[in-house]
Amino acid sequence: MDEKNKKILKIGIISVSVILGIYLILSVFFMNRFYFGTKVNGINIGGKTIQAAKDKVKEEIDSYNLEIEGRDGFKANISGKDIDLKFNDTNQIANLKENQEAFKWPGGIFSKKETNLNDYVTYDKEKLTKVINNLDCFKKDKITSPKNPQFVYKDGKYDVEKEVMGNKLNKEATVNAIKDAIANDKPSLDLEESKAYIDPKYTTESSKVNKTKDTLDKYVKTKVTYTFGDNTQVVDGSEINKWLYVDENLNPQIDYNKVSAFVSGLGRAHNTIGQGIMFKATDGRMVTVPGGNFGWQISNSGETEKLISDIKEGKEVTREPVYAFKGIVQGSNEIGNTYVEIDLAKQHLWYYKDGALVVESDIVTGNESKKFSTPPGLFRLNYRERNATLKGENYSTPVKFWMPFNGGIGLHDANWRNKFGGDIYKTSGSHGCVNLPPPVAETIFNNISAGTPVVCYN
């Protein structure tokens, strides 16, 4: 072997000897110590003996302080001393060392050596709860709740106001994040990163926002022009917007109660049923006729449903409201020129059709002595019925022509009477109905229709 090769061999032997020596020395070193870079719950115990590692962990825990930060510049600290945080030596560190093989340290150095131990710390749970409850982020006057984008009516359409993120926390998520940080010896906690905040369900970037705005804009384009005879009343977006709102899922809603209240207002302004009238009698007198069941009355439920339907379709329409009852003419002469006129004091009846007198006759109305007096009022003929039987307490009377106008009170033939008019009604009147000579009853029956006004006055 020449000198060059001898030199190479010598260097090789020395190198192997050095490496082997280092390996053996470190193997002996790691017999009682943790691999370099070993961490438990974020605390570096690399190169330390079991006791030194415990001391290091205890030292870290004794000086522990958790820095918390969040939205709107929120910052807080929770010190281990505030909650009686202590190291709980359950031999987990010792067990961790026992599982470490000294002679395999080369592989251990390059492997992940971070371990999260369970229950390695203890603290006073009540004190922690008290500390958390006293944090500013949970004080009512410091909390701003999240808000979905808001829709504001302006100049005939809706503007979208940006959502409010707020700073309201999910308390359970926040408490869990704090406990996790303490359990893992984390020096800081970002509540935003921990997703502990309650965010609005929608933002201006949500596609539903535009859909909601479009629907609201459609609703306020509605224009309903109500006709009341020669008069009109318009309802449009300036009023409709007051009835609209958006629910938590950004669905546009129409407040039924508010629409109903508006329709009630229409009724108060335009309903005439029950109001009575000033009536020009056949003899030329102006008489006061009290209210009854004749007149105009808007159907609150019917018109409310119809108006809501118009709004949902964004309609522009001119129409009458939905009526529960209709008069004949809207205005001062709402009974028109076709009506039955009954003068209770004179015991006389006239029937006019299209302004022409069809028939007139003496009559007999309700018996005053028995308190069956026929009430005055403005009524409507409910229906006509041929060959009806009128029944009441202690009587059952068949009639050929029955025309009720006020509950059980109506016009009918009375073939049992041979006289009508005068003072008969005072002591020998009906149970409240208007008794007519049969030919008169038949004439009226053949020329009248349901809904015809019946005017009764004294």
Can you list the HN-Hα couplings for the stretch 37-50, worked out from phi with the Karplus curve (6.51, -1.76, 1.60; θ = phi - 60°), rounded to whole Hz and with x for Gly and Pro? x, 5, 10, 10, 6, x, 9, 7, 10, x, x, 9, 6, 4
What lysines sit close enough to Lys370 to cross-link, taking a C-alpha to C-alpha distance under 21 Å and skipping anything fewer than 8 places away on the same chain? Lys346, Lys391, Lys419, Lys426
Can you give me the long-range amide H partners of Val358? Hydrogens built in the peptide plane at 1.01 Å from N, cutoff under 5 Å, separation of 5 or more residues or another chain. Tyr351, Tyr352, Lys353
Please arrange Val121, Val434 by how many other C-beta atoms lie within 10 Å of their C-beta, fewest to most. Val121, Val434
Taking r as the C-beta separation of Ser79 and Glu248 and R0 as 51 Å, the FRET efficiency to the nearest 0.05 is 0.80
Starting from the Cα of Lys6, step 7 Å along the direction of its Cβ; do the same at Lys391; then give the gap between the two resulting points in nm. 14.5
How many angstrom separate the Cα center of the stretch 31-68 from the Cα center of the stretch 282-328? 86
Once amide hydrogens are built 1.01 Å from N within the peptide plane, the residues lying 5 or more places from Val364 or on another chain with amide H under 5 Å from its amide H are Gly421, Asn435
Once normalised by the length of the stretch 165-230, the mean sequence separation of its alpha carbon contacts under 8 Å that are 6 or more apart gives a contact order in percent of 32
In nm, to one decimal, how far is the modelled label at Asn231 from the one at Asn116, with both set 7 Å along Cα→Cβ? 7.6
Per the helix-only model, the chain has a calculated mean residue ellipticity at 222 nm (DSSP H runs of ≥4, -39500 (n - 2.57) each, divided over all residues, rounded to the nearest 500) of -9000 deg cm²/dmol
Given the stretch 23-204 reduced to its alpha-carbon atoms as identical point scatterers, what log10 I(q)/I(0) does the Debye formula return at q = 0.12 Å⁻¹? -0.70
Tell me, what HN-Hα J-couplings in whole Hz come from the Karplus equation 6.51 cos²θ - 1.76 cosθ + 1.60 at θ = phi - 60° for each residue of the stretch 407-418, using x for Gly and Pro? x, x, 9, x, 8, 6, 6, 9, 6, 7, 9, 10
Percentage relative contact order, the chain, counting C-alpha pairs under 8 Å, at least six apart: 10
What spacing in nm lies between the two simple spin-label points modelled at Arg319 and Arg71, each 7 Å away from Cα in the Cβ direction? 4.5
Report ³J(HN,Hα) in whole Hz for each residue of the stretch 275-284, in order, from the Karplus equation J = 6.51 cos²θ - 1.76 cosθ + 1.60 where θ = phi - 60°; Gly and Pro get x. 8, x, 8, 8, 10, 8, 6, 4, 7, x
Asn65 long-range amide H proximity, modeled H, under 5 Å: Gly80
Gain in span if fully extended, Glu126 to Lys186, counting 0.36 nm per residue against the direct Cα distance: 19.5 nm
FRET efficiency for Asp155 and Val329, using Cβ-Cβ distance with R0 set to 45 Å, rounded to 0.05: 0.65
Read-out mean projected area of the Cα convex hull in nm², derived from the coordinates shown; its label in [x] 28.2; [y] 24.9; [z] 46.2: [z]
Which GluC sites (Glu not before Pro) in the stretch 359-458 sit in a loop by DSSP (not H, G, I, E or B) and have at most 16 other Cβ atoms within 10 Å of their own Cβ? Glu368, Glu393
Going through Lys58/Lys139; Lys75/Lys130; Lys130/Lys201; Lys280/Lys400 one by one, the pairs whose alpha carbons sit over 25 Å apart turn out to be Lys58/Lys139; Lys130/Lys201; Lys280/Lys400
Report, to the nearest 10°, how far helix 207-219 tilts away from the longest principal axis of the Cα atoms in the chain, using its own Cα long axis and a range of 0 to 90°. 10
Fewest-first sequence of Lys195, Lys48 by Cβ atoms within 10 Å of each Cβ: Lys195, Lys48
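Since every read-out is calculated from the coordinates, none of them should be taken as a lab result. Here the structure is a predicted model, which means the values were calculated and not measured. Heads up, the Cβs are rebuilt from the backbone with ideal geometry, glycines too, and the neighbour counts pull from every protein chain shown.
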